[in-house]
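The values are calculated or read from the model by the stated rules, or taken from the named source; none is laboratory data. It should be emphasised that the depicted structure is a prediction, and the values quoted were computed from it without experimental measurement. Backbone-built Cβ (ideal geometry, glycine too); neighbour counts: all protein chains shown. Ligands, DNA and RNA are stripped out before the accessible areas are found, and what is left, the full protein with its side chains, is counted by its heavy atoms. Shrake-Rupley method; radii C 1.70, N 1.55, O 1.52, S 1.80 Å.
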Amino acid sequence: MRIAVVGGTGKEGHGLALGWARAGQEVVIGSRAPERAVRAAETINAAVGHAAAVGMVNREAAMAGEIVVLTVPYDAHEETLRDIRDSVRGKILVDVTVPVDLEKSRRLRVLPGGSATEEAQALLGSETRVVAAFQNISHTHLAREGGVDCDVLVCGDDVEARQEVIRLAGLLGFRGVDAGPARNARVVEGFTILLLGINRRYKSKGAGVRITGIEGPSDD
Ligand SMILES: NC(=O)c1ccc[n+]([C@@H]2O[C@H](COP(=O)([O-])OP(=O)(O)OC[C@H]3O[C@@H](n4cnc5c(N)ncnc54)[C@H](OP(=O)(O)O)[C@@H]3O)[C@@H](O)[C@H]2O)c1
């Protein structure tokens, strides 16, 4: 599997890309600047000890990926999606974006489109299947090998695409949980704000979510 990480020069994208490279996947790092993308790919290759990653500008990275993961701040969400729209047609786009309001003590922004995920789906159209995942996973967890004791909630309107992303989470050592349709991303994105507050109060860096009381695969 060739996984493109658009915005893969940042903290969250780097952690995801490194994890997938460690799991034997090919990784394409995307950036607005090709030299930053190449540098980020070299860092990953040095860490895993083989040429798992290459770096390109975002649009080319999205074109090269069989599945595309978006890890940019919400302020850059719409602009980046417009840039890669043609490159992701027919693919799964995994949206990791949390619409944090940085000016108002890290509150959730109220979005006209409901959630970043729903906005991405509306902008990209039905030929691209948008799946929300990893919003509740701190980059500090991703740096560690083998995942940690928390789940990845996976939302999106396409059941098969959700299953594919659950598999991607498994490659990183996380249990992916089928969290239903794209509108549920409003809850998942919002939950990250809760976790950020818990981190502050408990002086922690990686509070996470664990769903209890479920066994086996979901049935829809
Ligand atoms: N950090 C976490 O622990 C964490 C956890 C869960 C979810 N998330 C979410 O994941 C996303 C990325 O988080 P992050 O912490 O990795 O962010 P980040 O490091 O601030 O940014 C990621 C990358 O986005 C690109 N970028 C930044 N500003 C941009 C702009 N104005 N226009 C276009 N591209 C821009 C940059 O790449 P280039 O400059 O190379 O183009 C940057 O390296 C956010 O939506 C965040 O809420 C983060």
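Worth pointing out:
- Taken as a whole, the structure leaves residue 142 outside the set of residues that are open to solvent by 40 Å² or more (accessible area, probe 1.4 Å) and closer than 28 Å to residue 213 by Cβ.
- Considered as a group, the residues in region 131-173 that are under 18 Å from residue 113 (Cα atoms) and either in contact with a Pro (Cβ under 8 Å, 6 or more places away or on another chain) or among the hydroxyl-bearing types (Ser, Thr, Tyr) (or both) include one that is nearest to the ligand (Cβ to nearest atom), and that residue is 155.
- Meets criteria (more than 19 Å from residue 170 (Cα to Cα), of a type outside the set (Lys, Arg), touching a strand residue (DSSP E or B) at 6+ places or on another chain (Cβ under 6 Å) and surrounded by 23 or more Cβ atoms within 10 Å (Cβ to Cβ)) for residue 41: yes
- Search result, residues across region 100-117 that are surrounded by fewer than 23 Cβ atoms within 10 Å (Cβ to Cβ) and in contact (Cβ under 8 Å) with a residue 40 or more places away in the chain: 100, 106, 107, 108, 114
- Close pairs from region 203-220: first closer than 17 Å to residue 191 by Cβ and hydrophobic (A, V, I, L, M, F, W, C), partner modelled with pLDDT of 85 or more and in a loop (DSSP other than H, G, I, E, B), Cβ under 7 Å, at least 6 apart: 209/136; 209/150
- A search for C-beta distances below 7 Å between a residue of region 22-47 that is at negative phi and any residue that is among the basic types (Lys, Arg) and in a strand (DSSP E or B), counting only pairs 6+ apart in sequence or on different chains, returns 26/2; 28/2.
- Residue tally, condition among the aliphatic types (A, V, I, L, M) and open to solvent by 20 Å² or more (accessible area, probe 1.4 Å), over region 175-220: 9
- Residue ID - nearest to residue 191 (Cα to Cα), chosen from residues in region 58-99 that are without any contact (Cβ under 8 Å) to a residue 60 or more places away in the chain and among the polar types (S, T, N, Q): 58
- Set side by side, the residues 71, 128, 80, 97 differ, and just one is in contact with a Pro (Cβ under 8 Å, 6 or more places away or on another chain), at pLDDT 95 or above and buried (at least 18 other Cβ atoms within 10 Å of the Cβ), which is 97.
- The single condition from (1) in contact with a Gly (Cβ under 9 Å, 6 or more places away or on another chain); (2) in contact (Cβ under 8 Å) with a residue 40 or more places away in the chain; (3) buried (at least 16 other Cβ atoms within 10 Å of the Cβ) that residue 164 fails is (1).
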